[in-house]
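Undergrad: Just passing along the structure, written as structure tokens.
Taken together, the values in this text are just the output of simple stated rules run on the coordinates, not laboratory data. Remember, predicted model here, so these are calculated numbers, not experimental data. As a convention, Cβ positions derive from the backbone with ideal geometry for all residues, glycine included, and neighbour counts pool all protein chains shown.
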Amino acid sequence: MNEPVTSETYTAQLRRLADLTARVGEQRAEAHTWYERQCAAAERAVADAAEQLQYAEEELVAAREQQERVDAEVAHLWQQVRSRLGARRLGGPPAPANGTTASDPVLLLAKARDLLDRAGQPGELPGSVNPLLALCGVAGAVLAYALGVGARALGVGYGGDLAVGMPVLALVVTLFGPLIGLVPARVLADRRHAMLGPRPITVVLGAGVVTTVLLLVLGS
């Protein structure tokens, strides 16, 4: 036969049931709190991943735009190299080398552009062309002197006021002879893609002045 349930046993059972209910409530609250934390962490992770994905897409777009600009600048610089060096058989621009250290392409292009600009600037004529420069000065002086002689002869032939004015004009033209030599000297410098600097000008004018003085002395 079953023992009768006393009031003390019933109270103990109720207390035990209350304790179990409280534990279950605590565990349920802890599980709910853990679940909310996990959901919040997952949402933060998704948000961070979305932000990183957006940043990566923006970087990819910027990198493509920079690549297009770099490719266009490379093609432009390569065209200048072909034009200045006359290397028509060089073909297209070289491809990027593999295994090289990553560098800023904009900085490298700026250095290449500066180097190309400095290489394209005309230099001064070398000293080996001094005889040709002196010959230009001599030729200019001789030409001016010949024009002066012709002007004086024209004045003598027509007489009158021309006989007075032409000798003066002839002297002026003769004195400008050294400057006339700068014209062929400039042509020589342009053909050599060089600059007619102070030294070449001095050589031309010096040779022209000496020749003019000698012609005036000999013709007097």
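Undergrad: Near the amide H of residue 124, under 5 Å away, which other amide H atoms are found, from residues 5 or more places off or on another chain, if H is placed in the peptide plane?
TA: The list, which skips near neighbours in sequence, is 195.
Undergrad: How large is the direction-averaged shadow of the alpha-carbon convex hull of region 4-57, in nm²?
TA: On the way: hull surface 15.4 nm².
Here the figure is 3.8 nm², rounded to one decimal.
Undergrad: For residue 181, list long-range residues whose amide hydrogen, built 1.01 Å from N in the peptide plane, is under 5 Å from its own amide hydrogen.
TA: Under 5 Å from the amide H of residue 181: 140, 141.
Undergrad: Mark the label point 7 Å from the Cα of residue 37 along Cα→Cβ and return the residues of region 15-31 whose backbone N is within less than 16 Å of it.
TA: In region 15-31, the label zone of residue 37 (backbone N under 16 Å from the point 7 Å along Cα→Cβ) covers 26-31.
Undergrad: Take the alpha carbon atoms of region 20-37, find their center, do the same for region 138-153, and report the distance between the two centers in whole angstrom.
TA: 118
Undergrad: Separate question: Using 7 Å Cα-to-Cβ label points, what is the residue 193/residue 171 separation (nm, one decimal)?
TA: 4.8
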